[in-house]
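The values are calculated or read from the model by the stated rules, or taken from the named source; none is laboratory data. As the structure is a computational prediction, the values presented were derived from the model and not from experiment. Note that we place each Cβ from the backbone using ideal geometry, even for glycine, and neighbour counts take in every protein chain shown.
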Amino acid sequence: MARRTTKTPPPDDFEERILDIDVVDEMQGSFLEYAYSVIYSRALPDARDGLKPVHRRIVYQMNEMGLRPDRGYVKCARVVGEVMGKLHPHGDASIYDALVRMAQPFSMRLPLVDGHGNFGSLGNDDPPAAMRYTESKMAGAATLMVESIDEDTVDFSPNYDGQEMEPVTLPAAYPNLLVNGSSGIAVGMATNMPPHNLGEVIAAARHLIKHPGADLETLMRFVPGPDLPTGGRIVGLAGVRDAYETGRGTFKIRATVAVEDTSPRRKGLVVTELPFTVGPEKVIAKIKDLVGAKKLQGIADVKDLTDRSHGLRLVIEVKNGFHPEAVLEQLYKLTPMEESFGINNVALVDGQPLTLGLKELLEVYVDHRFEVVRRRSEFRRTKRRDRLHLVDGLLVALIDIDEVISIIRSSDNSAQAKERLIAHFSLSEIQTQYILDTPLRRLTRFDRIELESERDRLNAEIEALTVILDSDAELRKLVSNELAAVAKQYGTDRRTVLLESAGSPVSAVPLEVADDPCRVLLSSTGLLARTANGEEFDDGEGKRAKHDVIVSAVPTTARADVGAVTSAGRLLRLTVIDLPMMPDTAGAPNLAGGAPVSEFLTLETGERVLCLTTLDESSPGLALGTEQGIVKRVVPDYPANKDDLEVIGLKDGDRVVGAVELRTGEEDLVFITDDAQLLRYPASQVRPQGRPAGGMTGIKLTDGAKAISFTAVDPAVDAVVFTVARAEGTLDGSVQGTAKLTPFEQYPRKGRATGGVRCQRFLRGEDGLVLAWAGAVPARAATATGLPADLPPKDPRRDGSGVALAKPITVVAGPV
C-alpha cells in the first residue's frame with residue numbers, strides 16, 4: 001500500500017539548484033555576524049554616554065513618553081512595551097531587567113530611574129516584582145542624560161525596522177560611564193567597570209578641560225578610587241592605580257564591620273556595609289555552611305536586622321571565649337564579606353572596543369561633551385537667526401503698515417500680494433509669508449515695541465553663541481561650568497573608604513580567649529562582670545562611680561566556672577567566659593557596664609545572690625548563716641556535671657542571710673540580729689558538713705528575733721562593725737534611724753550557740769536593726785541605686801547609740 005503524503009509536488013518546470021558552501025566558511029561568517037551584534041548592539045557600553053543600547057533606549061523612550069521627574073509614575077510594563085515595540089528587537093525580560101537595575105540605589109551610584117514598588121534587594125536575595133506591579137519614571141539624573149537631545153546634539157539612526165529613529169548616543173551632561181560603571185560579557189571580551197563619586201569625577205574632568213596635558217597622578221588626586229553604592233572598604237590601592245593606568249586591575253572590597261555588645265552576655269560583629277553586589281542572604285548562607293562543616297569557629301548566631309529605617313544591619317554573634325577580631329579575619333577569608341573586583345575598562349570608542357585608562361575615559365567624555373555643546377550652540381544660533389529674520393521682516397512691515405495693507409487689498413490673490421510685497425519692501429519669501437500669516441491684531445504700536453526688544457535680545461544671544469563657537473576657550477569654560485552645576489546639584493559624599501592596606505594582620509590575635517587569670521565581681525546592684533587580670537585591687541577613696549560598690553569577688557581564670565550562692569541555699573554554676581569583661585578604672589573596677597544576674601541565672605521570686613565562690617575543692621569551703629540562726633560550713637564537693645547544687649537544707653520559712661568563702665579556715669564567724677545582738681566565734685567551732693546537711697545552731701535568738709547579717713572576719717586585719725537602726729513601726733527599713741560604726745576588736749569572742757553581746761543601743765523611736773555588717777576596712781557604703789554614701793565616724797563604744805545618716809544606706813562592703 002502506497003504511503004500518502006501532504007507535500008505539494010514540484011512544478012514540471014522546477015529546476016533544482018544546490019549551492020555547495022564550505023561549512024567552515026559558513027560558521028565563520030555566521031559567528032562573526034553574531035559576535036559583532038553582541039559587541040556593538042548589546043554587551044558593551046559606549047564610552048561617551050556610558051550606556052548599552054538597551055539602557056539608552058529605555059532612557060530615551062521614557063523621555064519621549066514624558067515621564068519626567070515632576071510627573072506621575074506609570075507601570076513599568078508600559079515602558080517596556082514602548083521600548084520593545086519601537087526600539088529594542090529583543091524580549092521584554094532583558095528590557096525589564098535593565099530598567100530594574102537603573103532604579104536600584106545599591107547597583108547604581110546615581111540611579112537613572114525613579115522606581116515605585118519592589119525593585120529587588122542587595123544581592124538579589126529578594127527578586128523584584130513583575131513589571132505589571134512596579135511603576136517608574138525618570139530620575140533627575142536621567143533628565144541630564146537626554147538634556148538638549150532635541151537640539152541636534154547627537155546623531156540618530158533608524159531602529160530595527162526602519163520606522164523609528166533612535167539616538168546613537170545621548171548628550172550625557174555628566175560622565176555616566178565612570179559614575180555608574182558597567183558590566184557585560186561580549187564575545188571574546190568583557191567589561192567590568194566600578195562606579196565612582198560624581199563630584200570627584202567631575203572635578204577631574206574639569207581639571208582635564210583646563211589642563212589637557214594633565215598626567216594620571218594629577219587626575220588621581222581628584223579620583224583616588226571607586227566609590228561603590230554599597231559603601232564598604234577598598235583594601236589595597238595598587239590594583240586601582242593599575243586599572244587607571246592600563247584599564248585593567250584588581251582590588252579587594254571588605255564589609256564595614258564594628259564590634260559591639262549585641263547582648264549583655266556576648267559581643268557581636270555588626271555589618272552595616274557589604275561588598276558591591278553581595279547581599280546579606282548570601283553571607284548568612286555561607287556562614288551557616290561553614291559552621292555546619294566545622295570550618296568556621298566562634299559563631300553563636302547570625303541575625304539579619306536590616307530594615308528601611310536603619311538600612312543594612314547584619315549581626316553575627318560571637319561565642320564567648322573567642323576574640324571577635326580573629327573571628328572577623330576568618331569571615332573575611334572564608335565568606336563573601338571580602339570580595340575581589342576585577343576592573344576591565346572595555347568600552348566602544350568610535351564603534352571600536354578599546355581598553356581605556358582613567359585619563360582616556362575622561363578625554364573621550366570631554367571631547368563628546370565639546371561636540372554636544374558645539375552642536376547645541378550651532379543649533380540655537382541657527383534658530384535665533386531664523387527668528388531674527390522673521391522679526392526684521394515684520395518690523396519693516398510695521399514701519400509702513402498702511403502701504404502693506406494697501407498692497408494686500410489691491411492684489412487679486414495671495415500669490416500676487418506676496419510678489420508685490422517682495423518687490424516693494426525687498427523682503428524674502430519667508431518674511432513675506434510670515435507677514436501675510438500674521439493677524440492684524442498683532443500689528444499694533446505695542447507689538448512693535450515688543451518686536452524691537454525681541455530683536456535686541458536675539459542679536460545679543462546670537463553674539464554670545466558666536467563667541468562660544470569661535471572661541472575654544474569659551475567653549476571649554478561653558479562645558480566646565482555646566483559640569484560644576486551638575487556636581488553641585490547631584491554630588492554626594494564618598495561612601496567607600498579607601499585603605500592602602502589591610503593594616504596589621506588580625507591573624508596575630510589568637511582565635512580563642514586564653515585561660516588567663518581574672519576576677520569575677522558582684523556589685524551591690526546585682527551586676528556581674530570579670531576583670532582583665534586576677535590581681536587584688538584597692539577600692540580606695542575617690543575611685544568610685546555608680547554601680548561599683550563590689551560586695552563579692554573571687555579569683556579564677558577566663559575559661560573556668562565559679563559558683564553563686566543564693567538566699568535559697570543554692571549554689572548555681574557560672575561560666576566565667578560568658579561574663580562581660582570590665583577594664584580597671586584607676587586601679588578600681590567600674591561595673592557600670594556589667595550585666596544583671598538575671599542574664600545568667602534563673603532565680604526564684606525573692607531569691608537573690610549573696611556571694612560568689614570558687615569551685616576549688618581544696619579550699620576550706622563555704623560558711624553560711626541563716627535568718628533562724630543556723631550556721632554551716634560546707635564540704636567543698638561540687639560535681640562538674642551539675643549546674644544547680646543544694647548547699648544547705650533549710651527549714652520551712654528560713655533563708656540564708658549571709659555566705660562567704662573561707663580563705664584560711666582561721667576566720668571568725670559573725671552573726672548580727674535585728675535586736676542588736678552580735679556573736680563572734682572561731683570558724684573552727686563549726687564542723688564541715690556535706691551539701692545536703694542542715695547545719696547547726698550558730699546563735700541563740702530571743703523570742704521574735706532573727707539574724708540579719710552573717711559574715712566572716714579575719715581577726716588579724718583591721719575591721720569594723722556597721723549597724724543601722726530601724727525607725728519604730730517600719731518593717732522594710734524605708735525610714736532609717738541612726739547608724740553606728742564600731743571597731744571590731746570591741747566585741748569579744750563567745751562560744752557558738754550563745755546570745756552574743758549588744759552592738760547598738762536604740763534611741764526613742766527605734767525598735768530594731770534594719771542593716772548590719774562586719775568586715776575589714778576600708779568599708780564602702782551605697783544606696784539602693786548604687787550611689788556612694790558616707791559612713792559615720794567610728795564610735796569606740798560597742799553598745800553606744802548611733803548618729804543620723806545623710807542618705808539611707810542599703811549595702812556595705814569591704815575590700816575585695
(request) Find the residue count for segment 638-670, including only residues that are under 50 Å from the mean Cα position of the chain (by Cα) and either closer than 19 Å to Gly694 by Cα or outside the structural domain of Thr613 (by TED's automatic domain parsing) (or both). (result) 11
(request) Considering (1) in contact with a helix residue (DSSP H, G or I) (Cβ under 8 Å, 6 or more places away or on another chain); (2) part of a loop (DSSP other than H, G, I, E, B); (3) of a type outside the set (Lys, Arg), say which one Gly704 fails and leave the rest. (result) (1)
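Would you mind stating whether Leu465 is surrounded by 17 or more Cβ atoms within 10 Å (Cβ to Cβ), farther than 30 Å from Ala172 by Cβ, of a type outside the set (Phe, Trp, Tyr) and out of contact with any His (no Cβ under 9 Å at 6 or more places or on another chain)?
Numbers: surrounded by 17 or more Cβ atoms within 10 Å (Cβ to Cβ): yes; farther than 30 Å from Ala172 by Cβ: no; of a type outside the set (Phe, Trp, Tyr): yes; out of contact with any His (no Cβ under 9 Å at 6 or more places or on another chain): yes.
Against the criterion (surrounded by 17 or more Cβ atoms within 10 Å (Cβ to Cβ), farther than 30 Å from Ala172 by Cβ, of a type outside the set (Phe, Trp, Tyr) and out of contact with any His (no Cβ under 9 Å at 6 or more places or on another chain)), Leu465 does not qualify.
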(request) Return yes when Ile430 is touching a residue at least 24 places away in the same chain (Cβ under 8 Å), surrounded by fewer than 13 Cβ atoms within 10 Å (Cβ to Cβ) and either over 30 Å from Asn197 (Cβ atoms) or over 56 Å from the mean Cα position of the chain (by Cα) (or both) and no when it is not. (result) yes
(request) Collect the residues in segment 134-176 that are in contact with a Cys (Cβ under 8 Å, 6 or more places away or on another chain) and either in a loop (DSSP other than H, G, I, E, B) or surrounded by fewer than 17 Cβ atoms within 10 Å (Cβ to Cβ) (or both), keeping them in residue-number order. (result) Thr134
(request) Find the residue count for segment 143-160, including only residues that are out of contact with any strand residue (DSSP E or B) (no Cβ under 7 Å at 6 or more places or on another chain) and in contact (Cβ under 8 Å) with a residue 12 or more places away in the chain. (result) 11
(request) Sort through Lys294, Lys303, Lys288 and tell me the only one that's of a type outside the set (A, V, I, L, M, F, W, C), surrounded by fewer than 17 Cβ atoms within 10 Å (Cβ to Cβ) and in a helix (DSSP H, G or I). (result) Lys288
(request) Considering (1) over 19 Å from Leu170 (Cα atoms); (2) out of contact with any Pro (no Cβ under 6 Å at 6 or more places or on another chain), say which one Gln352 fails and leave the rest. (result) (1)
(message) For segment 177-232, give me the residue count where each residue is within 21 Å of Ile253 (Cα to Cα), without any contact (Cβ under 8 Å) to a residue 40 or more places away in the chain and either outside any helix (DSSP H, G or I) or small (Gly, Ala, Ser) (or both).
(response) 1
(request) Filter segment 592-613 for residues that are surrounded by fewer than 20 Cβ atoms within 10 Å (Cβ to Cβ) and not hydrophobic (A, V, I, L, M, F, W, C) and give the result. (result) Gly593, Pro596, Ser598, Glu599, Thr602, Glu604, Thr605, Gly606, Glu607, Arg608
(message) If Gly123 meets every condition in (1) among the small types (Gly, Ala, Ser); (2) touching an Asp or Glu at 6+ places or on another chain (Cβ under 9 Å); (3) assigned to a loop (DSSP other than H, G, I, E, B) apart from one, which number is that one?
(response) (3)
(request) Could you please let me know if Glu378 is under 29 Å from Glu461 (Cα atoms), part of a helix (DSSP H, G or I) and among the acidic types (Asp, Glu)? (result) yes
(message) Give me the helices (runs of 4 or more DSSP H) completely within segment 12-112, filtered to those with at least 1 residues that are at pLDDT 95 or above and more than 38 Å from the chain's Cα centre (by Cα), ordered by residue number.
(response) 53-64, 76-86
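Just to check your reading of the model, which residue among Ala781, Ala774, Ala712 is part of a strand (DSSP E or B), within 50 Å of the chain's Cα centre (by Cα) and either at positive phi or assigned by TED's automatic domain parsing to the domain that holds Val670 (or both)?
Ala781
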(request) Determine, yes or no, whether Phe710 is buried (at least 22 other Cβ atoms within 10 Å of the Cβ), aromatic (Phe, Trp, Tyr), closer than 20 Å to Val554 by Cβ and at pLDDT 95 or above. (result) yes
(message) Anything in segment 306-327 that is farther than 30 Å from Arg530 by Cα and surrounded by fewer than 17 Cβ atoms within 10 Å (Cβ to Cβ)? List them, or say none.
(response) Asp307, Arg308, Ser309, His310, Gly311
(request) Would you point out the residue of segment 369-386, among those that are basic (Lys, Arg) and in contact (Cβ under 8 Å) with a residue 60 or more places away in the chain, that is surrounded by the fewest Cβ atoms within 10 Å (Cβ to Cβ)? (result) Arg385
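Please find, within segment 235-263, the residue that is farthest from Leu216 (Cα to Cα) out of those that are part of a strand (DSSP E or B) and not hydrophobic (A, V, I, L, M, F, W, C).
Among those that are part of a strand (DSSP E or B) and not hydrophobic (A, V, I, L, M, F, W, C), it is Asp261.
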(message) What's the number of the only condition in (1) surrounded by 17 or more Cβ atoms within 10 Å (Cβ to Cβ); (2) at pLDDT 95 or above that Ala129 fails to meet?
(response) (1)
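Take the conditions more than 15 Å from Phe710 (Cα to Cα), in contact (Cβ under 8 Å) with a residue 40 or more places away in the chain and in contact with a Phe, Trp or Tyr (Cβ under 9 Å, 6 or more places away or on another chain) and apply them to Leu624. Does it pass? Step through it out loud before you land on a result.
On the way: more than 15 Å from Phe710 (Cα to Cα): no; in contact (Cβ under 8 Å) with a residue 40 or more places away in the chain: yes; in contact with a Phe, Trp or Tyr (Cβ under 9 Å, 6 or more places away or on another chain): yes.
Here the answer is no, as Leu624 does not meet what is asked.
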(message) Condition first: closer than 30 Å to Asp215 by Cα, assigned to a loop (DSSP other than H, G, I, E, B) and in contact (Cβ under 8 Å) with a residue 24 or more places away in the chain. Now tell me which residues in segment 306-363 satisfy that.
(response) Asn345, Gly351, Leu356, Gly357
(message) Under 8 Å between Cβ atoms, which residue pairs at least 6 apart in sequence (or on different chains) link something in segment 387-411 that is touching a residue at least 60 places away in the same chain (Cβ under 8 Å) with a partner that is part of a helix (DSSP H, G or I) and aliphatic (A, V, I, L, M)?
(response) Arg387/Leu458; Leu388/Leu458; Leu388/Ile462; Val391/Leu451; Val391/Leu458; Leu395/Leu451
